[in-house]
Structure formats: C-alpha cells, structure tokens
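Notes follow the structure.
The values are calculated or read from the model by the stated rules, or taken from the named source; none is laboratory data. A quick note: this is a predicted structure, and the numbers were derived from the prediction, not measured. For neighbour counting, all protein chains shown are included, and Cβ atoms are generated from backbone atoms with ideal geometry for every residue, glycine included.
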Amino acid sequence: MTKVHVTTTVNGDPVEFLADPRETLLDSLRNSLGLTGSKEGCGTGDCGACSVTMNGTLVCSCLVLGVEAEGAQIETIEGMGGDTQLHPLQRKFVEHAALQCGFCTPGILVAAKKLLEENANPTETEIRYWLAGNLCRCTGYDKIIRAVQDAAAEMRGEAA
Amino acid sequence: MRYHTPSTFEDAARLAASASGLTRFLAGGTDVLVQLRAGMVQPDDLIDLKKISGVDAIERTEDGGWHIGVAVPGIRLGGHADLCADWPGVVEGMELVGSTQIQGRATLVGNLCNGSPAADSVPGLVAAGATVTITGPNGTRTVPVEDIPVSPGKTSLAAGEVVSAITLPPRGSNGGDAYLRFIPRTEMDIAVVGCAVNLRLDGDTITEARVALGAVAPTVVLVPEAADAIIGTTLDDAAIAALVAAAEAACNPITDKRGTVEFRTEVAGVLAKRAARIAYSRAKGENA
Amino acid sequence: MAKDEFNVHNLVGTRPDRPDGLDKVTGRARYGADISAPGMLWAAVVRSPHAHARILSIDTSKAEALEGVKAVVTRADFPTGLTGEDWNLQENTMAGDVALYDGHAVAAVAATSQLLANDAARLIEVEYEVLPHVIDVDDAIKPDAPAIRPGSADASVPEGMAPNVVRYMEFGHGDLEDGFAKADLVCEKSYKTEAAHQGYIEPHACMGQLGEDGKGEMWVCTQGQWFIRRMCSAVLGMETSQLRVTPSEIGGGFGGKTTIFMEPLSLALSRKAGGKPVKLVMSRAEVLRATGPTASASMDVKIGMTRDGTMTAARAEFRMQGGAFPGAPVDMALYCAFAPYKLPAVAHIGYDVLANRPKCAAYRAPGSPMGAFAVESLVDEMCRELGLDPIDVRLKNGVKSGDKSSYGPKFGSIGLTEVLEATKAHPNLAAPLGPNQGRGAAAGYWFNHGGETSVSMAISEDGTAQVSVGTPDIGGSRASIALMTAETLGIPYENVRVNVVETGALGVNEPTHGSRATFASGKAAVVAAEQAIGEMCRRAANEWGIDPEAVEWVDGAAQPAGPNAGKFPPMSIAEIAGKMGSTGGPISGHHEGNLDGVGASFGTHVVDVEVDPETGRTTILRYLVVQDAGRAIHPSYVEGQYQGGAAQGIGWALNEEYVYDDQGRLANPVFLDYRVPVASDLPMIDTVIVEVPNPGHPFGVRGVGETGITPPLPAIANAIQHATGARLRHLPMTPAKVLAALKG
C-alpha cells in the first residue's frame, strides 16, 4: 500500500503527513497529526462529532479523505480559541452547562462557530436545523441552543 | 487502492476504462466514503473529479437554463439566488440531503449516481426535465436524468463512462416546482417517500406538469398519469383527488426498515397533493 | 451530618463553571480512543453475520500471514471452566461453539495499523452452520421456540416452562380478587416496547496491555474502572490486582458502559503480541450490533378503579428478553411499575426470556420506562373513561413518606405529592391547544443507589484540597463533589480539585450507575472532609495548647469555640496546611463503605404534541419535567439530567427501535436509521426542580439521573390519544403506526 504525501494547513500552521488513500481526514488529523479533539462517533456523517471546516466549508472529516486535504485550509476545534483567549461560544458552553459528557462538544462548537459567521442573529429554529447533524445524547439540546443564542448576542454586542 | 486526480473528464474516462479492478468516482464522497469505510466497496482505483476545471461552476446556459458542475456541493446551490428563484424545488430537494456538514460536500450528480430510489435531489431533477452529459471512451452523450438509475445502487452508465455535467432547462414564465419528502424525524433521515411537482400555468390553469415520486419503486419514477390528472385544471379538489389517486397507483414500494407498502403508498398521495399546491402557488408568483 | 438544619449554603445550589469545562470545549479532554502508546498495535474484530449459528471452523492462517499482523485470538485463547455470570461475560466477549446473535465476536486481530487490522479481519474465514433463531420476546417465550441455551434456567423457573425462560418471579400483597371486586371499572390491556440503545456518541474504546508477567494496564472509557478490572480479569483468568485500569473521560454511558464488551480482547491480543499495547475502538455498527441495548418487553396490566379514581387493585405480567443471556431487567420493571401508587392489593409476575440478540446492558433506570409505559398508559385510559383529571388521580393514590411500596419495602422520605402539586401549578398546563394537538401526563420512579464507595481527600500545603473519587464524571459530578467538599471545608470552590482516579488509587468503587455519583462519592467526600477538619482542629488546639474539643471550624479556619476556650485569632486552613509537615505530617480524610441513606426520586412529565392526521407524524410542541432532586447541588447539571432523560425517552417513544430482518440480522446499525432525536426534533425542555431533602445525605441529595427517562413513553402516548383519539400500545409510535391507528 503506497502512502501519499499530503501538504496542507491546519489551524493556520503548515503541516505534512503521509496518508493511505483509504484513510479519512479524521484519521489523519487524529493519528498522524495528534489532533484528537475531533471525534469519531459514527464514521458515516450522521453524528457531526468530527466536524471541521475545509476551505471555509463545514464538513464531516470522517467523509473526507486525508489525501483530499492537499493544499487545503483546515480548521479544527484545536484552532478555535486561539492560544490565550476562548471563543465566546466556548465560554458560553461552559457557563450554560451546555455539555455533559463533552464528546459531541468539539463538533458542535465548530459547527456553531460557522453558523454565527454566516448568520449573526439566528433564530432558535435556525440554530436547531443548522445543528441537526450534530447529535448530542446527553443534554436534550436545550442548553446548547441557549449557549449559542447567548454567544451570538454577546458577539453582536448585546447583553443577553 | 490507488487515488487519481485527473484534470479532464476524458482522462477520467480513460482511467476508468483502462482499470482492471473496481473503480469509483469521487466528487463529494458522502456515499463513497461510507461504503468504503463499511467495507461494502473496496475499490482498486478511486478517481477524484474535483481537480477537473469547471466542476465547481454554476452557469446560466445560452438558452437561459442552468449548467451545474459535478462537484458543486448542496450548500452552493442554496446560496445561488438566481438558481433558487428559477428552480426552488430542485434546490430544496438537494438541500434535504443530510446535515449542514453533508451539504458542504454532497453533490447532485453523486446523489443521482448513487442509484438510490430514495435520493432526495432526483425527483426534483426529473420533474424539472434535467439532463446529464456523459463522457465516455467514445465521446459524450446527453440523456434525461431519469434514464440514469436502473435499480437500487445501479445506473445505466457503461464502464468508463462518467457524468460530466448536469443541465436544467430554462425555467420560462409562469412556472413553479416543489419537492417534499416524508421522514420520521425532522432531519437526517432517508426519505420514506419523496415527491416533486413541476408545472406551468396559463392564467389559473395548469398547461404543463411533471410529477416524480421517490422511494416508492426501484428507481425514482416519472408519473405521467399524475401530471395528466392536473393538466388543464386549476388544481381544484377534483384534480387533487385525481392526482392523489394517480400517485398512489404509481407506487410499487417495498416494506423495509423505513416504511411499509401501505404507509408509503398513502403518504405518496399526501405529498403529491401538498407539493402540487406549493408548485402551483410558486407558479402564481406567490410566496411558498 | 445534618447540614441542612443550618440552611446556610454558600456554594451548594450555585452554578459555577465545571472544573473540566475548559478541557472539554478546547478538544483537550482525552476520551477512550484519544490515547496512544509507544509500539501500539490496532485491533479489529470478526463478528458473526448470523443470528444463531454453530461455528464449525475458524481459519486464521491468511490473516496471520499478512505482513504487520502481530496476533490473532479466538475463544481458544481464553481460559475454560468459568461459571455463572463470569461465563456469560466471557461467552459474550467471544463466542464459543455457537454464535448467539448477529454481531457476536468470533475472532480478533492486532496489527500495526487500523487499516491493516481491518484487512486481516476480512481474511479470517469462519465456517458456520446456521441454526434456527428467534428475535421477538413473544415468539421466544413459545414452547416450540428454538432453544437458545438449554439448561440455563435458574432455580426460580418452575418445571415445564418454555425452554427460553431463564428466570421467573411472582410477588405482591393484598387480596387481588377482593380489590378488583370493589372497583367500578376494571381494565386490562397489553403493551409492547422495543429494544432501544443507550446511544452514547462515544463508541467503546480501550487500549490494553498485558505482559507475560501477568501484569496488565488498561485505558478505557467506562462508567466503572473496578468493574472493568474484575470482569476482564475473570474472563482472562488474571489476578485482579495485577490489572490496573485507568478511566478516560467518558463520552456518555447511560448504563451501557458499566460492563465489558471487547475490552478483554485487547488484553488477550496484547498478551499474544508480546505485551505490546493494543488499541481497540468499536465502529458505530459494532456498538449497535454488539453492545448493550436495553430489553424489549411485552406486558399485560390490569387495574381496578372506583368512580372517584381510587385504585383498588393492580396486576402486572411482564415478559422481557435481554438477548442471549439472562439479565433482562424484568424485576426492576415490576418494582417500579406501580411504585407511584398506594395499592391495597397488587400482584407482579415476570419472565426473563432469551432471544438471539446482544446481551442487554443497563440503560438509565433499567426496566422502569417499560413498566411505566404500560401502567401509566392504562391509568390514563381509565381516567379518560371515568372523566377524571390524571394528575388528581395520581395525587389521590400517590404514595407518601412511610407508605408501603407496591413492591414491598416502606418508602423513606419521598416527594411525589410535592412533585404533583408543582406540576399542577405550572403554566404549561394552561397553555391553549389547537386542532390535532393534545396533552399527556405521566409519573415515573427510580430507587437511586448508594453502593460500594471509596473516596480519599487530602489537604495540600497551600490549604487547597484534592479529592480522589472512583466514579467517572459523566455529566458534571466533579463540579457537584467539589461544591460539597468546598462547602464543608469552608474554602472557595476553585480551591478543590476532584480527580477521577485509577484502580490502583482507591478501594473498590461501583461504577457511576444508579444515579449514585453525586450522592455516594459526594457523601463520602463530605465525611472525608470532616475527618480532615477534625485533624486541623487538633493541630490548632495543639498549637494553642487547648483541648481539641474546644476548637470549632468556621469559614475555612479553626477558632476557639467560645470565650472560655481561650482568646486566639482564627487559624486559617492555609496557615495550618502550610506547616503540616512540622505539626504531624499530611492531613487527609478517607471514607469508604456500602453507603446507605439513599433517597428515591419521583417525577412527572407533561407533554403537548401535534399529530399530522395525514402522515401520522408526531411533533413535540411543549415539554415539562418536574422532579424531586432532594437538593440540587449544581442546578444546571440537575436540569441537564432532566432534559437529557426526557430527550432519550422521547426518542424511545417515537422512533428508536432495533429492527431485525427475517434472517435475524440487525437492519439499522447506523445513526441514519437508528433514529435518536436531533436538535430540530425537540423544543426547549422546561424543568422544575422540586427539593424535598433526603435525610440520608448531608446536603439532602437524591439521585437525579434516571427517573427522567421513565415518564416520556406513556406521557407521549397519552398526549397522542388526547390529540387524535387513537391509543398506541406498542412502541415506538412511528408515523406508520399512528396513521394505522387513526384509521382504526
């Protein structure tokens, strides 16, 4: 099995790895680059725990091949907050107890961040449908939705 | 498995034609990767079409129709205001495929070539009268979308043939289309039944119509009898009743984990009625 | 121990950030699959494609010949002679002569990469002789059903019962016939529920290492590291203390991670591969096919009621299958079924039945939701028939503190009445309903649990504190334990670090199950903190030269207890800790035991639904959970448990089920078709935390995790009937079933 050399950018850093063509981007991130914040919950694109952005588009990294990352810009949960400051969504998730086990949390944060970039003031329904591909089995989603709403309000400069 | 990134469809077709083992084309990958990872398919050659020039383009054709590249993901269709204004039913069908994340990858052509009778984007394409261009070892040919799937998971494409473009006809005036599907949840399910209706009005009277049903037969089916039931009418109650009866009569579904014969048949009629009403009001220029 | 009488809680009842919050929003937290080790191998498992088949041969030679493959194991690599539940665990880990369900492991392989291990697994050739199978519980209990494991019935099963009945029970009290005779209305109906999976988003994952010296290590996502240690060592014939198990962060469990599935395979492979660590991560399909769903149930319930709503007698006969092994929670289902009601006469009959399905595991209040579906549905049907308000009927018959329970023991302090009153007062009950909309209510119950618990805490040199607990933090228990410890010590919440520790660090702890982590580890942490306070008071007394009895602990400092004790300024915890090295050494506390004083929890849910009359699809419009928490230590995480339990119950009620094809193969082993609720399926879930303190806990805690999954099943059925007139008695209430019911 011949591996392919892949050069890509992850969270702003240039990186290289060797990928078996059958290997997913999720596997490459987790096993070749040590970025284990993206999770595998299903491997079929149904749970969203592996959500990352590729060239600015929200995708399931379990449904992207590692070799497809050649030349791309990848953003993962590890790049979300910056080195010293959390993203408002990260803070609001902790404040609102929007996580219980925390396994779906990285994927939901990455997805929610993308939502707020496209829509600074989403309705509850818009948030729920945007996040429909991110399964959470612990919370019943209530506190997740509230945390996203509160983070959005803060980012708009409004008091929640 | 070998991974190829040809730069033309001719090269892609040549690669596929000369491959000795199992070949798969890769666009969005949302079906191929699932099959690969589950071990259902072990391709020897995977041919990624995304490096081919123009595959990510949405362009108006000279006659006022639309040319959509094979690697355009669903999220780009929904973001294209003019396309949405012309063919809202086609776009809403594609947008129902999977999650926001899946929309970032999944394509119309992938959804079509996966060969599923439940593919959400296909009834809308069939109702719209869309065509696909096929590039093969012996050149290109153009066929109606409904000729591609032949049975669950199987297409009419010959070895070495690859779909190289999809074309929507000009919308024209006083037309409207709509797609509805039934799923148990609000998102993330495969259609139990899907129905697309495309029609044109003269005043209040329907002059042209195409009705397509998904997940009620081995392939998505065009139902001329359902169209005939509403052509020449103002979609009055009698026309709706005839439409429902024709849609139900066209069903030849199976009972499986997603639905029963009885349920699929009954809901096909319900969706045909509801989709026709939406298409009708869109043709009238009303918001729906 | 009665902190409550002072009722001055600075910290308990507040909502600080959880201690592990930052790790979990940055991707740093390490779960089961997130660890690697030098020289690590990757494993894959070969599983039976048949529901029931004799294994004629297993040829591993092609796999072993593949370059990079380091070990292959089959059942032949496991010790023989195990009995009882140990044998069940071993048999479920890897099939012996017969594969008992679709997905049953038959071989495993370790190789230098995951892709290679997968390739090797495909090269293992297994020859099967397919045997007749049985899936549905009502089929499995028939006398002529395929006998799955002849001879496995226990002593409770009378002679002559069907071959797949492995446990039988009957219990009750009072004169049933007399009770039914006094009723104005006697109804008897049958109900069914299908198997549901816990559906945690993190698949099972572990990394095991076992050398020729018999010493082993395991990193694993689990609710209970000591259970993993005991079960793995039993299955592999190891000395228990030689296996050290470290729990990872856990991506959900809900009961399903209180036992073993594939963990022994990683150790067996490691042993065969010269002691190299072996990582084994399940796919989602493996999780659904081969780890514990809950049982499916078929139930008959009969209730007598007078015209004014008084319940005079009740009878339940439940049949449950929990897979190809004994252990369906039919006993728990029966105990909980009538628990909300004070009944003069009641009878319970239960059958635990084998079927060709995976071995069931605990799932949130095991058994209780099924029983509640049957009983709470029938109570509602009878209220409707008699024109009575369902909440009032529950108030009229509801159990109170000190009452004899339906299943025998007397209740201690309970808060069902308070819960029902709070439900009646909630504005959701006055919300107007439109066409095709309906409202349903139901009650639910869970015992809660104390259990084997061992906790240590120690004061650090700077006056902060560390607590070592054995209960993995599955939903915020570090926060609640830190709050209670800090409150007891009189120090800031941030000054306490709660660590979930490995098996080498404490005595045996039961898992985080039975809603026990905040109750039991919290109670033990408070006792341990009180021990440390006692020692700190002694240190201060020594320094002051006064009697230790004359020192009291106030606001994180020792001070003389009144003017007669002497006149000394308070000595802070930091001051005492700073010099502990010279005043007698480390200051710590430790508490362990089988913790008692558990307080049971009742809840009521009220749901509003709308049903599409043309498609049968049910939409949840409004949802209310009211439940007795005893005391909410961190109210946000209490609400989270209520909301999460409700969401799981909603999924079970409407769409979740194990679907088998006619070959007995699981037809929906993916999240695409095993339909857990997604964000757009649910509304906000309103909660009311009722607090009737549990006198058996220093802060009044009852468990809160489990009761909440119980009422949604019947509450939604009741709401659908209110909306449509159709009564659904078989879960899940899919659109197809609802549409069929609407047509009569």
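Here are some notes:
- Some residue of the range C:605-614 being within 14 Å of chain A (Cβ to nearest Cβ), under 25 Å from the mean Cα position of the chain (by Cα) and not in a loop (DSSP other than H, G, I, E, B): yes
- Check on B:V193, surrounded by 23 or more Cβ atoms within 10 Å (Cβ to Cβ), under 26 Å from B:G98 (Cβ atoms) and of a type in the set (A, V, I, L, M, F, W, C): yes
- Residue within the range C:79-95 that is within 14 Å of another protein chain (Cβ to nearest Cβ) and either in a loop (DSSP other than H, G, I, E, B) or over 30 Å from C:G597 (Cα atoms) (or both) present: no
- When each of A:V59, A:V94, A:V110, A:V148 is tested for being within 9 Å of another protein chain (Cβ to nearest Cβ), in a helix (DSSP H, G or I) and of a type outside the set (D, E, K, R), the lone residue that passes is A:V94.
- Condition check for B:V55: of a type outside the set (D, E, K, R), in contact with a Gly (Cβ under 6 Å, 6 or more places away or on another chain) and part of a loop (DSSP other than H, G, I, E, B): yes
- Set C:A337, C:A316, C:A347, C:A295: member being within 17 Å of C:G408 (Cα to Cα) and within 18 Å of the chain's Cα centre (by Cα): C:A337
- Among the residues of the range C:48-73, those that are more than 31 Å from the chain's Cα centre (by Cα) and not in a strand (DSSP E or B) comprise C:T60, C:S61, C:K62, C:A63, C:E64, C:A65, C:L66, C:E67, C:G68.
- Pairing residues of the range B:81-101 that are closer than 15 Å to A:G133 by Cβ with residues that are part of a helix (DSSP H, G or I) and of a type in the set (D, E, K, R), at Cβ distances under 9 Å and at least 6 apart in sequence or on separate chains, gives B:T100/A:K114.
- Pick from the range C:106-130, criterion surrounded by fewer than 18 Cβ atoms within 10 Å (Cβ to Cβ) and in a loop (DSSP other than H, G, I, E, B), ranking: farthest from the other protein chains (Cβ to nearest Cβ): C:T112
- Restricting the range B:1-17 to residues that are in a helix (DSSP H, G or I) and buried (at least 18 other Cβ atoms within 10 Å of the Cβ), the residue that is farthest from the other protein chains (Cβ to nearest Cβ): B:A13
- Qualifying residue in the range B:66-75 (condition: of a type in the set (G, A, S) and under 22 Å from A:K3 (Cα atoms)): no
- C:A333 being in contact with a helix residue (DSSP H, G or I) (Cβ under 7 Å, 6 or more places away or on another chain), buried (at least 22 other Cβ atoms within 10 Å of the Cβ), under 30 Å from C:N92 (Cβ atoms) and without any contact (Cβ under 8 Å) to a residue 40 or more places away in the chain: yes
- Tally of residues being closer than 17 Å to B:A106 by Cα and either aliphatic (A, V, I, L, M) or assigned to a loop (DSSP other than H, G, I, E, B) (or both) across the range B:18-43: 10
- Residue list for the range C:672-687, filter: touching a residue at least 24 places away in the same chain (Cβ under 8 Å) and under 21 Å from C:P49 (Cβ atoms): C:Y674
- Residue, surrounded by the fewest Cβ atoms within 10 Å (Cβ to Cβ), within the range A:62-78, restricted to residues that are at the interface with another protein chain (Cβ under 9 Å from one of its Cβ atoms) and closer than 18 Å to A:E40 by Cα: A:E78
- Taken over the range A:1-41, the residue count meeting the criterion of being without any contact (Cβ under 8 Å) to a residue 40 or more places away in the chain and closer than 26 Å to C:A29 by Cβ is 11.
- Residues within the range A:3-50 that are within 8 Å of another protein chain (Cβ to nearest Cβ), at negative phi and part of a loop (DSSP other than H, G, I, E, B), tallied: 16
- Residue list for the range A:62-91, restricted to those being assigned to a loop (DSSP other than H, G, I, E, B) and either touching a strand residue (DSSP E or B) at 6+ places or on another chain (Cβ under 8 Å) or on the phi > 0 side of the Ramachandran plot (or both): A:V64, A:E70, A:G71, A:A72, A:T76, A:G82
- Residue within the range C:361-369 that is hydroxyl-bearing (S, T, Y) and within 14 Å of chain A (Cβ to nearest Cβ) present: yes
- Pick from the range B:236-288, criterion among the acidic types (D, E) and part of a helix (DSSP H, G or I), ranking: farthest from the other protein chains (Cβ to nearest Cβ): B:D237
- Restricting C:A646, C:A577, C:A541 to residues that are assigned to a helix (DSSP H, G or I) and surrounded by 24 or more Cβ atoms within 10 Å (Cβ to Cβ) narrows the list to C:A646.
- Scanning the range C:237-287 for residues that are of a type in the set (A, V, I, L, M), under 14 Å from C:D213 (Cα atoms) and in contact (Cβ under 8 Å) with a residue 60 or more places away in the chain yields a count of 3.
Quick grid of which residues meet (1) within 14 Å of chain A (Cβ to nearest Cβ); (2) assigned to a helix (DSSP H, G or I); (3) modelled with pLDDT of 95 or more; (4) closer than 30 Å to C:S405 by Cβ:
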| site | (1), (2), (3), (4) |
| --- | --- |
| C:G256 | yes, no, yes, yes |
| C:T259 | no, no, yes, yes |
| C:S266 | no, yes, yes, no |
| C:L269 | no, yes, yes, no |
| C:G274 | no, no, yes, no |
| C:A285 | yes, yes, yes, no |
| C:R289 | yes, yes, yes, no |
| C:D300 | no, no, yes, yes |
| C:R307 | no, no, yes, yes |
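- Taking the range B:81-199 and the helices (runs of 4 or more DSSP H) fully enclosed by it, the elements with 2 or more residues that are out of contact with any strand residue (DSSP E or B) (no Cβ under 6 Å at 6 or more places or on another chain) and closer than 30 Å to C:L654 by Cα are at B:88-95, B:100-103.
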